[in-house]
1. Sort out which residues of the range 154-174 are closer than 20 Å to ALA126 by Cα and among the basic types (Lys, Arg), and write them in order of number.
2. Would you check if LYS73 is modelled with pLDDT of 80 or more, assigned to a loop (DSSP other than H, G, I, E, B) and open to solvent by 80 Å² or more (accessible area, probe 1.4 Å)?
3. Please go through the range 1-22 and give me each residue that is in contact with a Gly (Cβ under 8 Å, 6 or more places away or on another chain) and at pLDDT below 95, ordered by number.
4. Which one of LYS98, LYS5, LYS45, LYS74 is of a type in the set (Lys, Arg), in contact (Cβ under 8 Å) with a residue 12 or more places away in the chain and out of contact with any Leu (no Cβ under 9 Å at 6 or more places or on another chain)?
5. Search the range 137-172 for residues being without any contact (Cβ under 8 Å) to a residue 12 or more places away in the chain and within 15 Å of the chain's Cα centre (by Cα), and hand back the single one that is nearest to LYS107 (Cα to Cα).
6. Being among the basic types (Lys, Arg) and either at pLDDT below 85 or open to solvent by less than 30 Å² (accessible area, probe 1.4 Å) (or both) is the filter here, so list the residues in the range 140-193 that pass it.
7. Out of the residues in the range 32-52 that are more than 21 Å from the chain's Cα centre (by Cα) and among the hydrophobic types (A, V, I, L, M, F, W, C), state the one that is modelled with the lowest pLDDT.
Amino acid sequence: VSLIKRILQISTASNDIILDFFAGSGTTGQAVMELNQEEIDKQAKDGLLGDKTAEAGGRKFILVQLPEKIDDKKEAFKAGYKHISDITIERVKRAGEKYKSVDNGFKVLSVTESAINRKFMNTINASKEEIFAEIALQFGYGLNYKYREQHNLGRGITYLEGNGRKALVVLGSEQMDNETLSSMVRYSDGLKECQIFAQDACLNVEIIHNLYQHFDQKRVIIL
């Protein structure tokens with residue numbers, strides 16, 4: 001950890017993203033958290049936490065690790081870790097518990113078939129979280145996106161936000177009606193450049209036409 005942390009001190013700024021393409025046990029993730037913690041502690045000691053110009057402790061990391069199998073004779077395997085990536089995830093969790101002052105939230109993503117490929121969108125068994133993650137990656141919302149259900153607009157509608165961008169996502173097989181569309185129009189009026197993502201299973205020709213009428217066609221993406 002001390003070696004990686006020193007490399008980061010020399011080569012990165014306080015809000016950089018660090019990519020480790022061979023993550024192994026997750027040393028880089030722990031080093032980033034520890035360095036962030038040290039910078040935040042130093043700011044607190046120097047009385048600079050209220051100074052917006054003295055930002056620190058904002059580094060983020062992306063760790064990539066293939067799910068390589070662990071030899072069943074190894075102690076890690078006996079402890080319940082079947083793949084190296086399992087150790088990576090556990091290491092980052094434990095580091096997050098250790099360094100309390102940093103943003104220690106993280107997402108675990110796996111390479112898989114597209115969850116929003118129209119050819120099998122209606123049959124693939126993908127969770128909402130998987131679909132939102134793919135939308136975020138493909139359309140520039142970033143991995144730090146947030147979402148919440150918008151029950152006031154109708155069933156299956158979710159508000160998605162990330163990287164300063166906003167969207168409404170409509171999923172499910174239940175047909176959208178004009179009342180729901182009207183609610184979306186009223187809601188999105190206050191969202192500058194709000195995109196609309198809609199699963200084709202809940203649309204018909206009339207609703208698609210109305211979506212294009214009320215929103216810039218370039219902002220409507222049919223999944």
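The values are calculated or read from the model by the stated rules, or taken from the named source; none is laboratory data. For clarity, every value in this text was computed on a predicted model and none was experimentally measured. Positions of Cβ are generated from backbone atoms using ideal geometry, with glycine treated the same way; all protein chains shown enter the neighbour counts. Accessible surface is based on the protein model in full, side chains and every heavy atom, while ligands, DNA and RNA are left aside. Shrake-Rupley method; radii C 1.70, N 1.55, O 1.52, S 1.80 Å.
1. Listed by number, the list holds a single entry, ARG155.
2. Numbers: modelled with pLDDT of 80 or more: yes; assigned to a loop (DSSP other than H, G, I, E, B): yes; open to solvent by 80 Å² or more (accessible area, probe 1.4 Å): yes.
Criteria met by LYS73.
3. Residues of the range 1-22 that are in contact with a Gly (Cβ under 8 Å, 6 or more places away or on another chain), as a first pass: 14-15, 20.
If the condition is that a residue be in contact with a Gly (Cβ under 8 Å, 6 or more places away or on another chain) and at pLDDT below 95, then SER14, ASN15 are the ones that fit.
4. Every option except LYS98 fails the conditions.
5. Initially, the range 137-172 is screened for residues without any contact (Cβ under 8 Å) to a residue 12 or more places away in the chain, giving 137, 148-149, 151, 164.
So of that shortlist, the ones also within 15 Å of the chain's Cα centre (by Cα) come out as 137, 148, 164.
On the way: LEU137: 13, ARG148: 17, GLY164: 19 Å.
Out of the qualifying residues, it is LEU137.
6. Initial filter on the range 140-193 (among the basic types (Lys, Arg)): 146, 148, 155, 165-166, 186, 192.
Within the range 140-193, ARG155, ARG186, LYS192 qualify.
7. Of the residues in the range 32-52, the ones more than 21 Å from the chain's Cα centre (by Cα) are 34-35, 37-52.
Subset that is among the hydrophobic types (A, V, I, L, M, F, W, C): 35, 40, 44, 48-49.
Details: LEU35: 94, ILE40: 87, ALA44: 80, LEU48: 61, LEU49: 57.
So the residue we want is LEU49.
Table: residues versus (1) touching a Leu at 6+ places or on another chain (Cβ under 9 Å); (2) modelled with pLDDT under 80.
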site: ARG59; (1), (2): yes, no
site: PRO67; (1), (2): no, no
site: SER85; (1), (2): yes, no
site: LYS93; (1), (2): no, no
site: ASN122; (1), (2): no, yes
site: GLU129; (1), (2): no, no
